[in-house]
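Written out below as structure tokens is the structure these notes cover.
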Amino acid sequence: MATISYQQRRGELQTYFDRTAVDAWARLTSTAPVSKIRATVRAGRDQMRGTLLDYLPIDLGSRRILDAGCGTGAFSIEAVKRGAHVLAIDLSPTLVELARERLPAQMHSGSIDFRVGDMFDNGLGTFDHVVAMDSLIHYRLHDVVRVLAGFAARTRRSIAFTFAPKTPALTLMWTAGRMFPRKDRAPAIEPISERALRSKLASEPALRQWEVGRTQRVTRGFYKSQAMELVKI
């Protein structure tokens, strides 16, 4: 069951991505010209997407994947090209509609089921793999682990996710962001210590059959995120 802090942050994110930042997000996730700062974010996201795809088998034929927090669907499209059947979910109806519009007319092998809703919903079914790219970076450590435990209960093979690594540079950016007027702020990123995350994962009863696999940090200008893989033992 989701915590109060998770539900509150989920509401903030829905408002931000579905109302405040729709146009900026649409440009960022396209090939349209953007500022130098946003160009580094775009490059970082492209690199991170490639990293998470590398964590999955090349041949995803018949495998079912949850794209948790799919945004405009870029990851889902790449997974389908490898033959996966993807359930792509996001809390923003506007972003999901944009993802549907960007879906190539002809896709190879697999399929995508776009939905609006909560990635934490147990009613989504079971999956071979779950991928959550930058959809957990706004949540506190205990909420991140709770969501991962929920994923684990319905995942057969692996979970790949990203978190905001707690570094001096990211902490400085987080502090600077809080100086903007409230109406202009994006929902705060919650930097997490890798050591604290590993400790919390190891002590979570629901994750006893899982172990940390590969991890990789991506730093491109204003984009700083770290991928981590959980593998079922």
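The values are calculated or read from the model by the stated rules, or taken from the named source; none is laboratory data. Source: prediction; values computed, not measured. Because the Cβ atoms are built from the backbone with ideal geometry, glycine has one as well, and the counts that use them run over all protein chains shown.
Inside the stretch 17-38, residues that are within 28 Å of Asp118 (Cα to Cα) and either touching a Phe, Trp or Tyr at 6+ places or on another chain (Cβ under 9 Å) or of a type in the set (A, V, I, L, M) (or both) make up a count of 8. In the stretch 87-120, the residue that is nearest to Ser135 (Cα to Cα) out of those that are outside any strand (DSSP E or B) and of a type in the set (Asp, Glu) is Asp118. Among the candidates Thr15, Thr31, the residue that is at pLDDT below 95 and in a loop (DSSP other than H, G, I, E, B) is uniquely Thr31. Selection of the stretch 98-134 for residues being of a type in the set (Gly, Ala, Ser), farther than 10 Å from Asp67 by Cβ and surrounded by 15 or more Cβ atoms within 10 Å (Cβ to Cβ) yields only Gly110.
Scanning the stretch 34-48 for residues that are part of a helix (DSSP H, G or I), over 14 Å from the mean Cα position of the chain (by Cα) and either surrounded by 14 or more Cβ atoms within 10 Å (Cβ to Cβ) or among the aliphatic types (A, V, I, L, M) (or both) yields a count of 7. When each of Gly44, Gly117 is tested for being touching a Lys or Arg at 6+ places or on another chain (Cβ under 6 Å), at pLDDT 95 or above and within 24 Å of Ala188 (Cβ to Cβ), the lone residue that passes is Gly44.
Going through (1) of a type outside the set (Lys, Arg); (2) part of a helix (DSSP H, G or I); (3) modelled with pLDDT under 95 one by one, Thr51 falls short only on (3).
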